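Student: Take this structure first; my questions come after.
The values are calculated or read from the model by the stated rules, or taken from the named source; none is laboratory data. Quick caveat, the model's predicted, so the values are computed rather than measured. Every residue, glycine among them, receives a Cβ derived from its backbone with ideal geometry; neighbour counts consider all protein chains shown.
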Amino acid sequence: MSTHAKPKEKPEAPKPWYCLSLSQQIVVGLIVGVIGGYVVSVSYDNSDAGKAAREAVLAWPNLIKDIFLHLIRMMVAPLVFASLVVGIAGHEDIKKVGRIAVKSLVYFEVLSGLALFVGLLLVNVIQPGAGMVISGISFPPVSSPRWLRATCCRSLHSRSCLPSRSPWRVMRENRCSNFAAACAM
């Protein structure tokens, strides 16, 4: 009989206090964000100078937020596509892949139709935004003529400063230089 003695494993050293887990980092970030938002909202009054100063203070966090959200949106489509390709390539039986494809297509169509029905029902019952005023643009009540509602809402959608949701739209609209200049600041 051979007896091999296992080397003694060193016990793990305790982590320093500043090495937080991911969930602890999220909670700390949430608390810091709430406190920071409260401080900024209380620090500036509602005069024109106060609003301008508040916007200047919030410019950088808004830029970081926009870049982060655009990067996430850019990753969703390739990630879903790659997941589907890997999932399909991993199956050996083509008939099984076909059955899964038909089931998932039916599932997608049924749930999309259900979501559409629920959304239209709730919009027609609740009528969100009816009679709302935004920055001097008043939305007419639902009972007004359709052409009047279309005229009022058209001015909101014609703004070119609205953020794009895809990198291809940014490239097509030739706004890449604006995005690069914002990142270089």
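Student: Mind checking whether some residue in the stretch 93-108 is modelled with pLDDT under 90, loosely packed, with under 10 Cβ neighbours inside 10 Å and in a loop (DSSP other than H, G, I, E, B)?
Tutor: Yes, that holds for at least one residue.
Student: Could I ask something else about it? Out of curiosity, is LEU79 at pLDDT 90 or above, assigned to a helix (DSSP H, G or I) and surrounded by 12 or more Cβ atoms within 10 Å (Cβ to Cβ)?
Tutor: No.
Student: Taking the stretch 36-66, which residues are part of a helix (DSSP H, G or I), within 20 Å of the chain's Cα centre (by Cα) and surrounded by 13 or more Cβ atoms within 10 Å (Cβ to Cβ)?
Tutor: PRO61, LEU63, ASP66
Student: Is at least one residue of the stretch 12-19 modelled with pLDDT of 85 or more and surrounded by 10 or more Cβ atoms within 10 Å (Cβ to Cβ)?
Tutor: No, that holds for no residue.
Student: Right, another one. Being in contact with a helix residue (DSSP H, G or I) (Cβ under 9 Å, 6 or more places away or on another chain) and closer than 30 Å to GLY33 by Cα narrows it down to one of VAL133, VAL57, so name that one. It would help to see each step written out before you state the result.
Tutor: On the way: VAL133 fails: in contact with a helix residue (DSSP H, G or I) (Cβ under 9 Å, 6 or more places away or on another chain).
Sole residue among the options that is in contact with a helix residue (DSSP H, G or I) (Cβ under 9 Å, 6 or more places away or on another chain) and closer than 30 Å to GLY33 by Cα: VAL57.
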